[in-house]
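Below: the structure, in structure tokens.
The values are calculated or read from the model by the stated rules, or taken from the named source; none is laboratory data. Please read these numbers as outputs of a predicted model, since none were measured by experiment. Using ideal geometry, Cβ is built from the backbone for each residue, glycine included, and neighbour counts are taken over all protein chains shown.
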Amino acid sequence: MPDLADRFSSDDIERVLIDAATIERRVDEMARQVSADFAGVDQLMVVGVLKGAFIFMADLCRRLTIRHHVDFIALSSYGRGATTSGVVRMMMDLKTNIEGSHVLIVEDIVDSGYTLDYLLRNLSTRNPASLRSCVLLSKPERRQVEVRIDYLGFEIPDVWVVGYGLDYADTYRTLPYIAELKARIYQQRA
Ligand code: PRP
């Protein structure tokens, strides 16, 4: 793939935290683990949380060696600022009835934990056969509510990260790596 990172201003990036090759290796490992754990399951329902999880979800699912369906749910808690309101809003629900299905939630990041907590509670009321979470990044220092993460890619420090699906004000999502954003960018609107 061509290096398209320059289409965003490199002045905005403090440093690359996790490069593309490292992400690829870890996603590969996670997909192998998920495939092994769900090997006996007839059909897995993989639920991606929009928008942030769209790239991770696509890469993960293409590596799964088990039968699966995909669906998406859109939630929002941040708006354009840098701090969570703690109020999670559902912007778009699943199209699928998950009752009796084995469900794997795919999230890009767990920060305060409010979003995943909301989702686990919400989806569990729909009586799935099982409900697990697969999360690429976690910032343990920021946790406000304890949530169970069944598959985790990386623990990261409390810095604003962008790329590989993650944004700031809806920008930088398609950077091929995960990078720390310069503080001056998000402090403009904090
Ligand atoms: C981000 C991210 C997670 C959530 C994690 O979503 O994708 O869903 O925040 O934060 P939390 O643990 O503090 O709840 P955001 O609301 O920014 O929407 P987006 O995925 O569309 O970028």
Practice problem: Would you check if residue 119 is surrounded by 15 or more Cβ atoms within 10 Å (Cβ to Cβ), within 14 Å of the ligand (Cβ to nearest atom), modelled with pLDDT of 95 or more and part of a helix (DSSP H, G or I)? | Solution: yes
Quiz item: So which of 86, 100 is farther than 21 Å from residue 155 by Cβ, within 10 Å of the ligand (Cβ to nearest atom) and part of a loop (DSSP other than H, G, I, E, B)?
Solution: 86
Quiz prompt | Qualifying residue in region 56-70 (condition: within 16 Å of the ligand (Cβ to nearest atom), part of a loop (DSSP other than H, G, I, E, B), of a type in the set (Gly, Ala, Ser) and closer than 18 Å to residue 174 by Cα) | solution = no
Exercise. Output the residue which, of all residues in region 124-174 that are in a helix (DSSP H, G or I) and either more than 14 Å from the ligand (Cβ to nearest atom) or among the charged types (D, E, K, R) (or both), is surrounded by the fewest Cβ atoms within 10 Å (Cβ to Cβ).
Key: 141
Exercise. Might you check whether a residue that is of a type in the set (Asp, Glu), at pLDDT below 95 and farther than 15 Å from residue 49 by Cβ occurs anywhere in region 145-157?
Key: no
Self-check item: Some residue of region 72-93 being surrounded by 15 or more Cβ atoms within 10 Å (Cβ to Cβ), touching a Lys or Arg at 6+ places or on another chain (Cβ under 7 Å) and closer than 24 Å to residue 38 by Cα
Solution: no
Self-check item: Where a residue in region 106-127 is over 20 Å from residue 61 (Cα atoms) and of a type in the set (Ser, Thr, Tyr) and its partner, wherever it lies, is within 6 Å of the ligand (Cβ to nearest atom) and modelled with pLDDT of 95 or more, with Cβ under 8 Å and at least six apart
Solution: 115/49; 115/107
